[in-house]
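All remarks here apply to the structure that follows.
Where a number appears in this text, it was derived from the coordinates with a stated rule and is not lab data. Given the structure is predicted, the values throughout are model-derived calculations rather than measurements. Backbone-built Cβ (ideal geometry, glycine too); neighbour counts: all protein chains shown.
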Amino acid sequence: MKTALVTGASSGFGAAICRRLVAEGYAVVGTARRGDKLEALRAELGDNFMPVVMDVTEPASIDAAFAQIQQRCTSLDVLVNNAGLALGVEKAQQANAANWERMIATNVTGLALVTHRALPAMVAANRGLIINIGSTAGSVPYPGGNVYGATKAFVKQFSRNLRADLSGTRVRVTNIEPGLCSGTEFSMVRLDGNAEAVAELYRDVEAIRPQDIAETVAWVCQLPAHMNINSMEIMPVAQSYAALSVARNL
């Protein structure tokens with residue numbers, strides 16, 4: 001049985017990915033800060049789901065989690081770096097610096113450190129798949145995207161650089177870049193619990209769903225070992241690119 005580690009597993013994309021991979025026959029290690037949510041997922045998914053409390057912003061927590069995982073799992077076949085968040089939509093000159101620090105700690109440092117822990121064993125085994133959950137915000141700038149978009153640009157370039165470093169091995173790396181997605185806590189967190197603003201964001205829009213991203217992850221996982229999907233950008237049909245902004249009469 002293959003084993004997958006999914007970070008940010010307590011809700012949204014992470015929980016959907018865990019459900020999908022368990023259904024595909026994987027043993028899944030799900031990590032997150034909220035142990036109660038992980039225990040609820042274990043009650044739902046059964047013995048093929050292993051909950052491990054881990055905060056990716058705390059190196060000591062990552063170390064403790066991997067020590068626990070290594071006691072139970074002989075190897076990891078798949079790492080899904082899903083843990084991440086956005087905080088605020090203010091323009092840079094009005095943004096909260098603490099929000100910037102937290103996004104960088106989670107989306108950049110946390111993702112890098114988890115990868116750093118998982119990668120040597122994959123290289124030693126000469127097999128494995130790392131799937132990073134990026135965002136279209138890593139490629140498409142927009143007002144209020146500032147540091148969040150920059151963190152996802154890091155994920156894009158980090159994924160590419162991993163591919164360069166892993167040349168000559170059979171370890172694969174994929175960056176999945178979702179656009180507008182509903183059915184998660186993402187926008188509620190980003191908009192500081194403003195349910196009215198969240199409802200307006202998704203009003204009359206058929207956005208992509210966590211299950212769609214989980215289906216994409218499962219598809220990448222089942223591809224032949226000689227294939228590497230470098231990146232995949234996914235938007236709902238209702239979302240597209242906007243024209244460049246032009247300020248007049250400056």
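For the chain, what does -39500 (n - 2.57) per DSSP helix run (n ≥ 4), summed and divided by total residues, give at 222 nm, in deg cm²/dmol to the nearest 500?
Taken over the chain, the calculation gives -12500 deg cm²/dmol.
Nearest 10 degrees, 0 to 90: what angle lies between the long axis of helix 59-72 and the longest principal axis of the chain (Cα atoms)?
40 degrees
Of [x] 14.7; [y] 16.6; [z] 19.4, which one was derived for mean projected area of the Cα convex hull in nm² from the structure shown?
Working out mean projected area of the Cα convex hull in nm² from the coordinates points to [x].
With +1 on the Cβ of every Lys and Arg and -1 on the Cβ of every Asp and Glu, and nothing else charged, how large is the dipole of the range 17-90 about its Cα centre, in debye rounded to the nearest 20? Walk me through the intermediate numbers first.
On the way: 7 positive and 10 negative charges, 31 e Å.
Roughly 140 debye for the range 17-90.
Can you tell me which lysines have their Cα less than 30 Å from the Cα of Lys2? Leave out same-chain residues fewer than eight positions away.
Lys2 reaches Lys37, Lys152, Lys156.
What is the helix-to-structure angle for 111-125, meaning the angle in degrees between its Cα long axis and the longest Cα principal axis of the chain, kept from 0 to 90 and rounded to the nearest 10?
For 111-125 against the chain, the angle is about 30 degrees.
Taking springs between alpha-carbon atoms closer than 10 angstrom, which of Leu79, Leu111, Leu162 fluctuates most in the Gaussian network model of the chain?
In the Gaussian network model the winner is Leu162.
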